[in-house]
1. Taking residue 161 as the residue in question, decide whether it is at positive phi, at pLDDT below 95 and in a loop (DSSP other than H, G, I, E, B).
2. I'm trying to understand the selection: among the residues of segment 60-91, which are closer than 24 Å to residue 166 by Cα and crowded, with 17+ Cβ neighbours inside 10 Å?
3. Keeping to segment 67-102, report how many residues are part of a loop (DSSP other than H, G, I, E, B) and over 20 Å from the mean Cα position of the chain (by Cα).
4. Which members of segment 47-66 meet the condition of being among the aliphatic types (A, V, I, L, M), touching a residue at least 24 places away in the same chain (Cβ under 8 Å) and not in a loop (DSSP other than H, G, I, E, B)?
5. Of the conditions (1) surrounded by 14 or more Cβ atoms within 10 Å (Cβ to Cβ); (2) among the aromatic types (Phe, Trp, Tyr); (3) assigned to a loop (DSSP other than H, G, I, E, B), residue 113 clears all except one; give me its number.
6. Please go through segment 116-140 and give me each residue that is at pLDDT 95 or above and part of a helix (DSSP H, G or I), ordered by number.
Amino acid sequence: MPGHDEREKHIMTNLTALTIAAARDGLKKKQFSALELTEAYLAAMEKARILNAYIVETPDQARAMARASDARLTKGEAGALEGIPLGIKDLFATKGVHTQACSHVLHNFKPEYDSTVVANLWRDGAVMLGKLNMDEFAMGSSNETSYYGNVINPWRRRTSNAALVPGGTAQAGGH
């Protein structure tokens with residue numbers, strides 16, 4: 001039987017492989033806490049910094065949000081995304097947290113409000129891990145035009161070692 005530390009490492013590693021639905025079920029069944037789930041993601045982010053996926057990490061805020069989620073879960077007041085850690089695209093305003101749409105034009109901007117998208121995520125109990133890198137002002141689809149440098153895709157084709165673009169995200173509305 002593996003030691004306690006090995007078992008804990010195995011559980012924490014597996015937490016980042018869960019679907020959102022499986023993570024929600026595990027949280028409701030108290031198989032792990034929102035804080036444990038968040039810590040697993042924070043550890044994974046630390047190991048993957050070379051990918052340049054996050055331009056700002058918010059570990060202290062994530063831990064505080066996870067603790068609040070655990071309290072709501074205990075009281076039976078869980079929202080639809082209660083305790084689910086996620087990254088917020090730098091396009092969406094996050095109160096008091098860097099929001100620049102990955103452009104130097106908005107250097108040092110920290111809004112005093114949350115965008116509607118973000119406010120709805122917080123209302124539903126989501127936990128913010130940080131702000132995600134993206135094409136400047138979301139003008140592109142390859143995720144290579146950010147002021148903070150391109151995001152690195154760790155995958156390769158089986159027959160080639162050539163770099164692949166990570167891709168981008170579709171914008172809601174108008175597409």
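1. Answer is no for this residue.
2. 84, 85, 87, 88, 89, 90, 91
3. The qualifying residues number 2.
4. 50, 51, 55, 56, 62, 65, 66
5. Residue 113 satisfies all of (1) surrounded by 14 or more Cβ atoms within 10 Å (Cβ to Cβ); (2) among the aromatic types (Phe, Trp, Tyr); (3) assigned to a loop (DSSP other than H, G, I, E, B) except (1).
6. Of everything in segment 116-140, those that are at pLDDT 95 or above and part of a helix (DSSP H, G or I) turn out to be 116, 117, 118, 119, 120, 121, 122, 123.
Results for (1) buried (at least 18 other Cβ atoms within 10 Å of the Cβ); (2) of a type in the set (A, V, I, L, M, F, W, C); (3) modelled with pLDDT under 95, shown as yes or no for each residue.
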site	(1), (2), (3)
20	no, yes, no
33	yes, no, no
45	yes, yes, no
93	yes, yes, no
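The values are calculated or read from the model by the stated rules, or taken from the named source; none is laboratory data. None of these values were measured; they are calculated from a predicted model. All Cβ positions, glycine included, derive from the backbone under ideal geometry; neighbour counts span all protein chains shown.
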